[in-house]
Amino acid sequence: MSTEPAIRVEGLVKRFGDRTVVDHVSMDVNRGQITGFLGPNGSGKTTMIRVMCGLLTADGGTGTVLGYQLGRDTRRIKSEIGYMTQRFSLYEDLTIRENLAFVAGLYGLRPLRKVVDEVLEGLGLSSRQHQLAGALSGGWKQRMALAACVMHKPRLLLLDEPTAGVDPKARRDFWEEIHHLAAGGMTVLVSTHYMDEAERCHFVNYISYGKLVASGTVEEVIAHAGLTTFLLEGEMEKVTAAERMLRGMPGVAETAPFGTSLHVVGRDAAALKDSVQHVAAETGTRMSATETSLEDAFIRFMSEAQDNMA
Ligand SMILES: Nc1ncnc2c1ncn2[C@@H]1O[C@H](COP(=O)(O)OP(=O)(O)OP(=O)(O)O)[C@@H](O)[C@H]1O
Ligand SMILES: [Mg+2]
C-alpha cells in the first residue's frame, strides 16, 4: 500500500471543445517526494492539476489519487488533498487570521481557534496574523495560501506555481517550508517555471503541448536530453557576433546568452564542436566545454515539440 504512488495517471486526456489540451499523459507522483511539474505556458499543467484534484473531469484515461479512483471518488480526493491555485484566491480585505479561520470553518476543523493558532505558528505567520492579506508582500501572501491548504492536514499537496512573482529570498523560504512538509511525510506536486526550483525537486515531469516529454531526476532528465554544451566567453560585442554566426550552423541547436558568456547546445557533439571552434576563432571568443543545464534541456524539448507540431 505505502509503496503505491500518491498519484498515478495513465493515458489522461482532457479536451476543451475540439482542442486536446492534455494528450495521453501517464505519470506517477511518488509518496513522500517533491515532484516538479514543468512546461511552457499553456502546456496543460494547471489543467492536469485540476483533473487530479477532481475539479475537472478527464475525457480519457484513468488514474488514482491517494488510492482513490479519479472520476469516481472525487469527494474523498478533494477532502484529502491540499490544492494551492495559480491565482491568489483568498480575501484581500480579511486579515491572515480571518482568512485562515474562514478556510478552517469550511473544512469544519475544530477547535477552530487552536487549529488556526497551530498553523499560524507552524508557518511563521503568528506575528503578522492581524495584517490584512491585501497589504502583504507576494511572499507572505503565498505563505498564507500555503497555510490555508495544509490546515486540514492533507497527505498530498498540489501547488500550482506557488512562487510566481515572488522575490528570491521569499522563494527560498517557501521552498524550505515545502521541504519541511515533505520531510514530515507529505507528498508534493508543484508546478513552476523557475529552474532553481525544478532543481530542488526529487523528480521532475516536463510537459509540452499537453504531452509528457521528459521525466526523471534532474540528472536523468539532463542525460535523457543527450545534449553537448559549449561555452563561449569574451567581450559583449564578440559574444553577440558569435551568437549571430552560430545560428543555423551544423550541430547548433540552441544558443543562449548568460551574462558575458554564451551557451551553445546541440545533439551532434562532433558537428557542434567544429562549428563552435570555427566561430571562436573567427570572433576571438574563448571556448570551453561545460555541463548541460536543466534549462538547456528544457529549451531543447520545447523547440523540438514546436518542430513536431509544425
Ligand atoms: N476552461 C478552459 N476552456 C478552454 N480552454 C482552456 C480552459 N482552461 C485552459 N484552457 C487552455 O488549455 C491550455 C492549457 O492551459 P493550462 O492553464 O493548463 O496551461 P499551463 O501549463 O498551466 O500554463 P501556464 O504555465 O501559463 O500556467 C491553454 O491553451 C489554455 O488556454
Ligand atoms: Mg498554469
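The values are calculated or read from the model by the stated rules, or taken from the named source; none is laboratory data. Since we're looking at a predicted model, the values are computed, not measured. Every residue, glycine as well, gets a Cβ built from its backbone with ideal geometry; the counts of neighbours run over all protein chains shown.
Annotation note: of Phe16, Phe37, the sole residue that is farther than 19 Å from Ile77 by Cα, within 16 Å of ligand 2 (Cβ to nearest atom), in contact with a Leu (Cβ under 7 Å, 6 or more places away or on another chain) and among the aromatic types (Phe, Trp, Tyr) is Phe37.
Screening region 253-310 for residues that are within 16 Å of Thr228 (Cα to Cα) and among the aromatic types (Phe, Trp, Tyr) and picking the one that is surrounded by the most Cβ atoms within 10 Å (Cβ to Cβ) gives Phe298. Elements of the type helices (runs of 4 or more DSSP H) sitting completely within region 97-193 and holding at least 3 residues that are in contact with a strand residue (DSSP E or B) (Cβ under 6 Å, 6 or more places away or on another chain) and either surrounded by 15 or more Cβ atoms within 10 Å (Cβ to Cβ) or not assigned by TED's automatic domain parsing to the domain that holds Cys53 (or both): these cover 138-150. Among the residues of region 85-107, is there at least one that is touching a helix residue (DSSP H, G or I) at 6+ places or on another chain (Cβ under 7 Å) and within 16 Å of ligand 1 (Cβ to nearest atom)? Yes, that holds for at least one residue.
The set of residues from region 261-307 being touching a Phe, Trp or Tyr at 6+ places or on another chain (Cβ under 8 Å), in a helix (DSSP H, G or I) and more than 23 Å from Thr192 (Cα to Cα) comprises Leu272, Lys273, Val276.
Kindly provide the set of residues from region 13-35 that are surrounded by 16 or more Cβ atoms within 10 Å (Cβ to Cβ), part of a strand (DSSP E or B), away from ligand 1 (no atom under 12 Å from the Cβ) and touching a residue at least 24 places away in the same chain (Cβ under 8 Å), ordered by number. Val13, Met27, Val29, Ile34, Thr35 - these are the residues of region 13-35 that are surrounded by 16 or more Cβ atoms within 10 Å (Cβ to Cβ), part of a strand (DSSP E or B), away from ligand 1 (no atom under 12 Å from the Cβ) and touching a residue at least 24 places away in the same chain (Cβ under 8 Å). The residue pairs whose first member lies in region 45-67 and is closer than 8 Å to Lys14 by Cβ and within 16 Å of ligand 1 (Cβ to nearest atom), whose second member is of a type outside the set (Asp, Glu) and in a helix (DSSP H, G or I), and whose beta carbons are closer than 7 Å, counting only pairs six or more residues apart or on different chains, are Leu56/Thr47; Leu56/Arg50; Ala58/Val51.
Within region 81-92, residues that are in the same structural domain as Ala147 (by TED's automatic domain parsing) reach partners that are at pLDDT 85 or above and of a type in the set (S, T, N, Q) with beta carbons closer than 6 Å, at six or more positions or on different chains, in the pairs Gln86/Thr46; Leu90/Asn99; Tyr91/Asn99.
Looking only at region 209-260, count every residue that is over 18 Å from Ala281 (Cα atoms) and assigned to a loop (DSSP other than H, G, I, E, B) and tell me the total. Explain how you work it out, then say what you get.
At the first step, the residues of region 209-260 found to be over 18 Å from Ala281 (Cα atoms) are 209-228, 253-254, 256-259.
Pick out the ones that are also assigned to a loop (DSSP other than H, G, I, E, B) and you get 209-210, 217, 226-227, 253, 259.
Residues meeting the conditions: 7.
Being modelled with pLDDT under 95 and surrounded by 18 or more Cβ atoms within 10 Å (Cβ to Cβ) is the requirement here; does Thr47 meet it? So Thr47 does not fit the description; no.
Among the conditions (1) within 16 Å of ligand 2 (Cβ to nearest atom); (2) surrounded by 15 or more Cβ atoms within 10 Å (Cβ to Cβ); (3) not polar (S, T, N, Q), the only one that Leu55 does not satisfy is (2).
A quick yes/no check of all residues on (1) over 17 Å from Cys201 (Cβ atoms); (2) more than 18 Å from the chain's Cα centre (by Cα); (3) among the aliphatic types (A, V, I, L, M):
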site: Ser127; (1), (2), (3): yes, yes, no
site: Leu136; (1), (2), (3): yes, yes, yes
site: Gly139; (1), (2), (3): yes, no, no
site: Gln142; (1), (2), (3): yes, no, no
site: Asp160; (1), (2), (3): no, no, no
site: Gly165; (1), (2), (3): yes, no, no
site: Thr187; (1), (2), (3): no, no, no
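In region 64-75 there is at least one residue matching the filter, namely being surrounded by 22 or more Cβ atoms within 10 Å (Cβ to Cβ), in the same structural domain as Met151 (by TED's automatic domain parsing) and more than 13 Å from ligand 2 (Cβ to nearest atom).
Does any residue of region 77-99 turn out to be away from ligand 2 (no atom under 16 Å from the Cβ), modelled with pLDDT under 95 and among the basic types (Lys, Arg)? Checked region 77-99: at least one residue is away from ligand 2 (no atom under 16 Å from the Cβ), modelled with pLDDT under 95 and among the basic types (Lys, Arg).
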